[in-house]
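As structure tokens, the structure follows; a few thoughts come after it.
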Amino acid sequence: MKRCCSCCWCAALILEAISLSALAREPRPASPCLTALAESKVRYESAAREVTEHIQKAFYLPNSGLYAQSLSERHPAFMWGNGVMFSALFGAARNDPKTYSPIAARFFTAMDRYWDSRVKIPGYEPAPTHGNGNDKYYDDNAWMVLTFLEAFEMTGDRRYLIRAQQTLEFVLSGWDESAGGGIWWHEGHKDGSKNTCVNAPAAVACLRIARFVPADRAKQYVAEAQEIVDWTRHTLEADDGLYCDRVFVESGKVNTGKLTYNTALMIRAYLGLFRATGDETYLQQAKRVGAACDGFLDQKTGAYRDPPKWSHLLVEADLELFRATNDDKMLARATRNADYEYAQWKAHPPDELIENAAVARTLWLMSDMQTEAGREFWRRADERSE
């Protein structure tokens with residue numbers, strides 16, 4: 001924006017003085033981004049607390065510090081659900097640390113029952129283990145890296161950073177050059193596929209952990225993220241800008257099914273590469289893919305077509321893209337989806353932990369948009385690398 005000359009500046013002051021009384025009588029319309037939140041009928045902090053308290057009552061297993069898989073299956077939840085639940089608890093802890101930080105810390109320790117330390121490269125099994133397991137999913141572990149890093153950023157507790165580093169080592173060990181690269185979905189090559197749902201969060205994990213390690217290792221992590229993103233884009237991006245589910249390595253056939261969380265994490269990977277490298281091309285890629293996500297909207301509801309266990313991650317990506325671009329459409333889309341998720345939850349709370357935890361995570365993220373502590377946390381999290 002050009003600076004006004006001194007005469008124009010004085011004239012502007014005079015005009016502003018003349019209009020003060022009119023402004024007092026007729027408030028300025030809110031910007032579109034403020035309107036998106038202001039027009040919502042949901043009080044996000046209250047709604048998030050309501051869902052989280054329901055989870056604590058219906059799913060929490062106080063003897064172990066873990067959570068049940070569902071209302072009917074009372075065994076400890078599988079690791080995918082644990083990751084979503086842990087992220088919901090740290091969203092809650094940003095708003096109410098006194099209540100939720102101790103619960104989250106106990107949960108972190110309780111999840112050691114899933115940690116297989118007896119193998120060459122330790123990682124999380126999908127269910128509690130005695131060790132020497134061979135059923136680890138690389139994507140389950142990638143999600144844990146992301147939420148552990150968020151916990152570290154919030155608390156400064158290095159236990160979370162150390163476990164994030166250990167877990168990411170396991171995730172990256174799943175890369176090989178079959179199918180031109182990419183990380184396998186499962187350590188035993190179950191289904192014979194390499195999936196977006198592990199490669200995209202692995203790239204994001206590399207970029208986020210790079211902020212907390214020495215410069216030489218950070219540079220390596222950024223390079224690994226670039227390699228993963230390049231492979232995923234070339235192998236699994238569809239013509240409409242959305243991301244396909246997986247490629248079957250032996251045949252090279254791509255499963256063209258598209259789930260919201262796959263594309264969501266590619267948006268975040270592009271934003272992370274932009275912050276790490278300063279290359280505007282990555283920001284443009286994030287914008288392009290973000291715009292393509294209108295293709296996930298249900299025409300009847302205006303919300304994402306997938307259940308919350310997948311779609312909550314696209315709400316999170318929408319919010320990150322909004323913070324990077326000030327594109328009001330991204331915040332409006334996130335708000336619409338959060339309101340829809342909560343309305344559906346109010347009508348019939350789901351039976352599975354993961355679906356409840358996903359709704360709670362969404363609502364806590366929306367609450368962050370309305371609190372100084374939440375906005376400040378994400379401002380720091382989004383800072384560009386030096």
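The values are calculated or read from the model by the stated rules, or taken from the named source; none is laboratory data. Worth saying up front: this structure is predicted, and the values here are computed from it rather than measured. Cβ placement follows ideal geometry from the backbone for every residue including glycine, while neighbour counts extend to all protein chains displayed.
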Those residues of the stretch 57-78 which are within 16 Å of Tyr100 (Cβ to Cβ) and loosely packed, with under 15 Cβ neighbours inside 10 Å, in sequence order: Lys57, Pro62
Within the stretch 79-126, take every residue that is assigned to a loop (DSSP other than H, G, I, E, B) and out of contact with any Asp or Glu (no Cβ under 8 Å at 6 or more places or on another chain) and give me the one that is surrounded by the fewest Cβ atoms within 10 Å (Cβ to Cβ). Lys120
Output the residue which, of all residues in the stretch 49-103 that are of a type in the set (Gly, Ala, Ser) and more than 16 Å from Ala360 (Cβ to Cβ), is nearest to the chain's Cα centre (by Cα). Gly65
Pairs where the first residue, in the stretch 156-170, is at pLDDT 95 or above and the second is in a loop (DSSP other than H, G, I, E, B) and not polar (S, T, N, Q), C-beta under 8 Å, 6+ apart: Gln165/Val213; Gln166/Pro122; Glu169/Ile121; Phe170/Ile121; Phe170/Pro122; Phe170/Lys136
Answer with yes or no whether Ala179 is farther than 23 Å from His312 by Cα, surrounded by fewer than 21 Cβ atoms within 10 Å (Cβ to Cβ) and without any contact (Cβ under 8 Å) to a residue 12 or more places away in the chain. no
When you go through (1) more than 29 Å from Glu383 (Cα to Cα); (2) of a type in the set (Gly, Ala, Ser); (3) surrounded by fewer than 18 Cβ atoms within 10 Å (Cβ to Cβ) one by one for Ala303, which number turns out not to apply? (3)
Here is a list of conditions, (1) over 27 Å from Gln69 (Cα atoms); (2) assigned to a helix (DSSP H, G or I), and Gln299 meets all of them except one; can you say which number that is? (2)
Ala317 being under 14 Å from the mean Cα position of the chain (by Cα), surrounded by 24 or more Cβ atoms within 10 Å (Cβ to Cβ), more than 22 Å from Ala202 (Cβ to Cβ) and not polar (S, T, N, Q): no
Scanning for something crowded, with 24+ Cβ neighbours inside 10 Å and at pLDDT 95 or above, does the stretch 323-330 turn up at least one residue? yes
Determine, yes or no, whether Glu352 is surrounded by fewer than 19 Cβ atoms within 10 Å (Cβ to Cβ) and over 16 Å from the mean Cα position of the chain (by Cα). no
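Picking from Asp140, Asp191, which residue would you name as being of a type in the set (Asp, Glu), closer than 19 Å to Met85 by Cα, part of a helix (DSSP H, G or I) and touching a residue at least 12 places away in the same chain (Cβ under 8 Å)?
Details: Asp191 fails: closer than 19 Å to Met85 by Cα.
The conditions single out Asp140.
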The number of residues in the stretch 224-281 that are in contact (Cβ under 8 Å) with a residue 60 or more places away in the chain, more than 16 Å from the chain's Cα centre (by Cα) and part of a loop (DSSP other than H, G, I, E, B) is 3
Go through the stretch 309-386 and tell me which helices (runs of 4 or more DSSP H), entirely inside it, have 3 or more residues that are of a type in the set (Ser, Thr, Tyr). 328-347
